[in-house]
Amino acid sequence: MADSDRTESASEPERSALDTVLDASDPLAREEQTFPHLSAEMMARVARYGSEERFAARAPIFSRGDRNVDFFVVVEGSIEAFDVDEHDQPQVFLVLRSRQFTGELTLFNEREALVSARAGEASRLLRVRRADFRRLVSTEADIGEIVMRAFILRRVSLIRHVRGGVVVVGPAHTADTLRLVQFLSRNAYPHRLVDTEHDAGGDGFLDCFSLTAADLPVVIAPGHRVLRRPSLAQLADDLGLTETFDHAQVFDLAVVGAGPAGLAAAVYGASEGLQTIVVESMAPGGQAGTSSKIENYLGFPTGISGQALAGRAQVQAQKFGARLALSRAVVGLDCDEAPYTLRLEDGQSIRARAVVVATGARYRKLDVGGYERFEGAGIYYAATAMEADLCGGEEIVVVGGGNSAGQAAVFLAATAQHVHMLVRGPGLAATMSDYLVQRIERSEKITLYPHSEVTALAGDTSLRSVTWADRRSGEETSRPARSIFVMIGAEPNTQWAAGCLDLDAQGFVCSGARAGADADSPYATSRPGVYAVGDVRSGSVKRVASGVGEGSVVVQAIHRFLNPAPV
Ligand SMILES: Cc1cc2nc3c(=O)[nH]c(=O)nc-3n(C[C@H](O)[C@H](O)[C@H](O)COP(=O)(O)OP(=O)(O)OC[C@H]3O[C@@H](n4cnc5c(N)ncnc54)[C@H](O)[C@@H]3O)c2cc1C
């Protein structure tokens, strides 16, 4: 297979799944960035971190599902990367030759490898073991940059070509299917959805695996494994997304929540030498990860998708050695004795000397009959490329007058047939940034309904129509909308910390002077060594930049707590 078969330009939504890193408008440049050749001088430096090994032709190097795979560079010969087809036959999709190297993002964490590799012919390879690989990328900055860029581009390519991925089979507009697809997308795991609403036979999968509608949604994983209606924790475990760690270990710092604030705390904590673990119930990115485009974050004049930002931050945290426990919710904090213990929903626990609470907020819901029935089956709280795909060409309803509702309306208007935007107040000006108000007013595909509220949702297994009323006249409007985006604010995720930390009347964590502690930090809570940052903190500014700022600077206070100055 020709090397050039591997690359093609990605569409914008596909790119945003992780990151484009660079302007890759030149396909040859992009090819060389994704599968670079190290210079002879770089090869000599890499050799100091590893040792040369000989592999016979077709000898296995690593297999899909292996954890802790090493880094290999071809000295002479070649490495073939392959997937297996439905007959368990290897399908080689990439050949690496002299001075090219293996690996993608799993080299920065302990997740399972997504593809297998073998020697193409009798070959001499440089093997760099994982611990030495980390030293290599942090010490040899120029090589580290080439490797990091290549790894991110390779993951984007795996997602685009659904290599090393899974197939989800199920009706696209149902809550269960959406939950799985959202989880895979937000964790940048390659996947393909076969929508049984449009393809009753599920592309042959239903017959092939003797599946009925009651089994759906299913995830078809490598080795013909069929996961019927899996929970997110089961899916994460089965796909090797969950990192294994020693539960007896006492971490310096446990960060709860991997939104912008938590990821920033992890990057600064780990880069400053703290043994850091991040526990996240869903996927990195938090609320920001659901934003189609953040336009006010410093340094990104053309905007950046929340997922791209989160993808970069996650890799950065892992590069510095932070551990990530994903799809594991913290359900309690034992704070009466040190070190603190975080109790996880799967019954496991994590101990840490200091804790950063960065669990942010969750969306408010509408008070309308049958609401729960349509959650995930037509009701959405985020507008990313995935939701835009699902409701392309349809009429949709957006509820809310804040910036997130405005961004969603503008973004979705590009693909939807029409956007009906409902606000309870007289208009948008008081609640939304001016640039969004102007775009909404100028768009022919968005109609604003002031003084309006939703009065009915109707449908069967999924939403089919939305009705709203003008609060002044009582006049009702119904539209055949299959998707409604509810963006009316959020409440804090702090139930798990109640009884341990002082919360304000709305449930946000009190910190600094509000916590009444002898706080030397505005982020210190009522418990020594427990800090709150980002949206979850009482009185915080609810923005990506402020969350990132708080997560970064709180680490100074943690150092002072862990290493108090002698008196
Ligand atoms: C659609 C949308 C668009 C937005 N656009 C912008 C914008 O353009 N500019 C801007 O500045 N801001 C924007 N915001 C606001 C911004 O995203 C938030 O202020 C920011 O994400 C807050 O970061 P955080 O880390 O404090 O919390 P969050 O982002 O809420 O992250 C908290 C994380 O904690 C996890 N978590 C919760 N409970 C638990 C638990 N018990 N155990 C483990 N993990 C848990 C959650 O899954 C989540 O990942 C937007 C928000 C939304 C929803």
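Mind checking which of Ser462, Leu227, Met42 is farthest towards the positive end of the chain's charge dipole, using Cβ charges of +1 (Lys, Arg) and -1 (Asp, Glu) about the Cα centre? Of the candidates, Met42 comes out farthest on the positive side. In sequence order, the range 278-293 has phi-based couplings of 10, 10, 9, 6, 10, 8, x, x, x, 4, 4, x, 9, 8, 5, 7 Hz under the Karplus curve 6.51 cos²θ - 1.76 cosθ + 1.60, θ = phi - 60°, and Gly or Pro positions carry x. Across all directions, the average flat footprint of the convex hull enclosing the Cα atoms of the range 54-138 is 5.3 nm². Since only Gly370, Ala308, Ile484 are under comparison, the one whose Cα sits farthest along the positive direction of the charge dipole of the chain, derived from C-beta charges on Lys, Arg, Asp and Glu, is Ala308. Between the beta carbons of Glu372 and Asp237, assuming R0 = 25 Å, the FRET efficiency works out to 0.35 to the nearest 0.05.
Distances between placed amide hydrogens fall under 5 Å for Ser116 paired with Arg64, Phe82, all partners being 5 or more residues away or on another chain. Rg and Dmax, both from the Cα atoms of the range 410-509 and both in Å, are 17.4, 51.
Extent along the principal axes, Cα only, for the range 343-461: 55, 38, 27 Å, with the longest axis given first. For the chain, the 222 nm mean residue ellipticity estimated from helices alone, with every DSSP H stretch of n ≥ 4 adding -39500 (n - 2.57) and the total spread over all residues, rounds to -7500 deg cm²/dmol.
Hydrodynamic estimate: the Kirkwood radius of the range 509-567 over Cα pairs, inserted into Stokes-Einstein at 4 °C and 1.567 mPa s, corresponds to D of 112 µm²/s. For the range 241-255, putting each phi into the Karplus relation 6.51 cos²θ - 1.76 cosθ + 1.60 with θ = phi - 60° gives couplings of 7, 7, 7, 8, 8, 7, 6, 7, 5, 9, 7, 5, 9, 10, 9 Hz, in residue order, rounded to whole numbers and with x for Gly and Pro. A cut-off of 5 Å between modelled amide H atoms, ignoring neighbours fewer than 5 places along the same chain, links Val194 with Val168, Val169, Gly170. Computed about the Cα centre, the dipole magnitude for the range 254-409 is approximately 440 debye when only Lys and Arg (+1) and Asp and Glu (-1) carry charge, each at its Cβ.
Dipole check for the chain: with +1 at the C-beta of Lys and Arg, -1 at the C-beta of Asp and Glu, and the Cα centre as origin, the magnitude is about 900 Debye. Each pair of Cα atoms in the range 141-192 enters the Kirkwood radius, and Stokes-Einstein at 20 °C and 1.002 mPa s then converts it into a translational diffusion coefficient of 174 µm²/s.
3J(HN,Hα) couplings calculated from phi for the range 489-499 with the Karplus curve 6.51 cos²θ - 1.76 cosθ + 1.60 (θ = phi - 60°) are, in sequence order, x, 9, 10, x, 8, 10, 4, 5, 9, 4, x Hz; Gly and Pro show x.
For the range 194-250, the Cβ-based charge dipole about the Cα centre amounts to some 180 debye (Lys, Arg positive; Asp, Glu negative; other atoms uncharged). Mean separation of Cα pairs under 8 Å and 6 or more residues apart, divided by the residue count, gives the chain a relative contact order of 12 percent. Rolling a 1.4 Å probe over the protein heavy atoms gives the chain an accessible area of 42 Å² per residue. Summarising the amide proton neighbourhood of Ala490: residues at separation of 5 or more, or on other chains, whose placed amide H is nearer than 5 Å comprise Arg364.
When the range 69-178 is described by a simple charge dipole with +1 on each Lys and Arg Cβ and -1 on each Asp and Glu Cβ, the residue from Thr139, Phe71, Val84 located farthest towards its positive end is Thr139. Note on the chain: Kirkwood radius taken over Cα pairs, Stokes-Einstein applied at 4 °C and 1.567 mPa s, translational D equal to 51 µm² s⁻¹.
Once the chain from Lys365 to Ala338 is taken as fully extended at 0.36 nm per residue, the excess over their C-alpha distance is 5.9 nm.
Solvent-accessible area of the chain (1.4 angstrom probe, protein heavy atoms only): carbon and sulfur portion equals 50 percent.
The values are calculated or read from the model by the stated rules, or taken from the named source; none is laboratory data. Predicted model only: the values in this text are computed from it and were never measured. Positions of Cβ are backbone-derived with ideal geometry, glycine not excepted, and every protein chain shown enters the neighbour counts. Note: accessible area is taken over every heavy atom of the protein model, side chains too, but ligands, DNA and RNA are not part of it. Shrake-Rupley method; radii C 1.70, N 1.55, O 1.52, S 1.80 Å.
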